[in-house]
Amino acid sequence: MSKPKRNVLLEKYSHQLKSYVPSKVRTYIYEQTVQRRSGKADYALPDYIIIGAQRSGSTSLYNYLTWHPDVDSAITKEIHFFNFLYDKGIDWYKSHFAKTEYLRKNGLITGEASPYYIYSQAAPRRIREHIPEVKLIALLRNPINRALSNFNMHEPETRSFERAVLDEMRLITSNHHVDFHTMMESFEKGMSYLLRGIYIEQLQPWFEIFPKEQILALKSEDLYGDTRRVYERVTGFLGLRDWQPKRFEPFEQRRYSRMEPELRERLAKFFAPYNERLYEFLGSDFGWEKESLQAEGQEAAEQSAKVESPNDSLSSLVINTLL
């Protein structure tokens with residue numbers, strides 16, 4: 001079995017469809033759908049969660065997975081229940097997914113992608129409590145390019161990129177005795193450009209709580225450069241049948257201004273010890289230090305992971321409103 005053809009078409013063309021529906025309308029549909037469903041039926045919990053990292057390709061991977069005939073989409077890609085909205089209760093969270101019987105009958109799995117989960121102190125424990133067998137996927141992008149991408153999406157920021165990262169670098173190095181999560185809390189939301197790229201501190205708690213067989217850590221640049229191979233690896237990890245779309249369309253391509261080589265070199269030296277620990281921990285060298293100065297995120301188009309509001313996935317709203 002697989003999902004109905006109407007669902008496949010809606011998911012495939014969701015980005016084109018949502019441009020015709022005002023944001024306020026999408027928000028209203030989302031809120032009404034969640035309210036109507038919450039606690040009233042046997043809605044499922046996700047089989048997989050893309051936990052991050054922010055600005056590392058989660059939008060692309062999530063959409064590619066929903067194209068698979070055996071994957072059902074959530075009402076919205078980013079739910080952020082286990083970090084920001086936990087007080088709404090597990091029934092509220094489950095209302096974002098299809099009914100258990102519908103998924104079972106059609107042989108489907110479902111999931112979500114909340115890229116802030118990866119650095120949340122509470123999320124690993126909460127997810128383990130409610131979904132102990134869930135599969136977790138972490139996309140890890142060159143932290144220098146991730147920082148630049150993060151900076152360019154943060155509209156309230158008034159500093160230059162160089163000023164912002166150098167300020168943060170001084171704060172981190174002068175507070176090396178402070179643990180990662182305590183330091184994260186000292187930053188305004190979204191303005192921790194370098195800390196969010198220290199992946200070793202974010203991943204270790206997940207591996208302490210979940211068996212390593214349930215976690216797949218991927219290099220984002222591999223998703224951009226060899227999408228079919230990475231897609232095959234992810235679908236295999238999720239136990240899905242071998243299937244691929246005819247082509248992988250990039251999501252949210254953007255161009256950013258050039259980063260000065262001197263600044264990139266300084267950031268590379270800053271991240272080097274953290275990256276080395278990450279490589280040793282994962283048993284895989286991502287080779288970020290060997291990438292050229294004209295790396296992704298400077299003058300090349302970026303296949304980015306735009307943070308979606310809870311009303312962005314129009315197809316999922318339409319599909320799940322019908323279920």
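Output the residue which, of all residues in the stretch 86-102 that are free of Cβ contacts under 8 Å to residues at least 60 places away in the same chain and over 21 Å from the mean Cα position of the chain (by Cα), is nearest to residue 42 (Cα to Cα).
Checked the stretch 86-102; the qualifying residue nearest to residue 42 (Cα to Cα) is 100.
Among the listed residues 167, 226, 179, identify the single one that is of a type in the set (Asp, Glu), under 30 Å from residue 243 (Cα atoms) and without any contact (Cβ under 8 Å) to a residue 60 or more places away in the chain.
226
Output the residues belonging to the stretch 191-212 that are in contact with a Lys or Arg (Cβ under 9 Å, 6 or more places away or on another chain) and free of Cβ contacts under 8 Å to residues at least 60 places away in the same chain.
193
Could you check how many residues of the stretch 234-256 are exposed (fewer than 15 other Cβ atoms within 10 Å of the Cβ) and either without any contact (Cβ under 8 Å) to a residue 60 or more places away in the chain or more than 22 Å from residue 149 (Cα to Cα) (or both)?
12
Of the residues that make up the stretch 146-165, is at least one in contact with a Lys or Arg (Cβ under 8 Å, 6 or more places away or on another chain), hydroxyl-bearing (Ser, Thr, Tyr) and either surrounded by 12 or more Cβ atoms within 10 Å (Cβ to Cβ) or modelled with pLDDT under 95 (or both)?
Yes; the residues of the stretch 146-165 include at least one that is in contact with a Lys or Arg (Cβ under 8 Å, 6 or more places away or on another chain), hydroxyl-bearing (Ser, Thr, Tyr) and either surrounded by 12 or more Cβ atoms within 10 Å (Cβ to Cβ) or modelled with pLDDT under 95 (or both).
For the stretch 11-39, which positions are modelled with pLDDT under 80 and within 15 Å of residue 73 (Cβ to Cβ)?
11, 12, 13, 14, 15, 17, 18, 26, listed by residue number.
With the condition kept exactly as written, say whether any residue in the stretch 195-214 is within 23 Å of residue 69 (Cα to Cα), modelled with pLDDT under 95 and surrounded by 14 or more Cβ atoms within 10 Å (Cβ to Cβ).
No: zero hits.
Of all helices (runs of 4 or more DSSP H) completely enclosed by the stretch 218-322, which ones contain at least 2 residues that are at pLDDT 95 or above?
Result: 220-225, 227-237, 261-282.
Restricting the search to the stretch 139-162, which residues are among the hydrophobic types (A, V, I, L, M, F, W, C) and outside any helix (DSSP H, G or I)?
Answer for the stretch 139-162, where residues must be among the hydrophobic types (A, V, I, L, M, F, W, C) and outside any helix (DSSP H, G or I): 139, 140.
Please report, ordered by residue number, the helices (runs of 4 or more DSSP H) entirely within the stretch 30-138 with at least 3 residues that are surrounded by 17 or more Cβ atoms within 10 Å (Cβ to Cβ) and aromatic (Phe, Trp, Tyr).
Helices (runs of 4 or more DSSP H) meeting the threshold: 58-67.
Determine, yes or no, whether residue 78 is of a type in the set (D, E, K, R) and modelled with pLDDT of 95 or more.
Answer is yes for this residue.
The values are calculated or read from the model by the stated rules, or taken from the named source; none is laboratory data. Predicted, not measured: the structure shown is a model, and the values here were computed from it. Every residue, glycine as well, gets a Cβ built from its backbone with ideal geometry; the counts of neighbours run over all protein chains shown.
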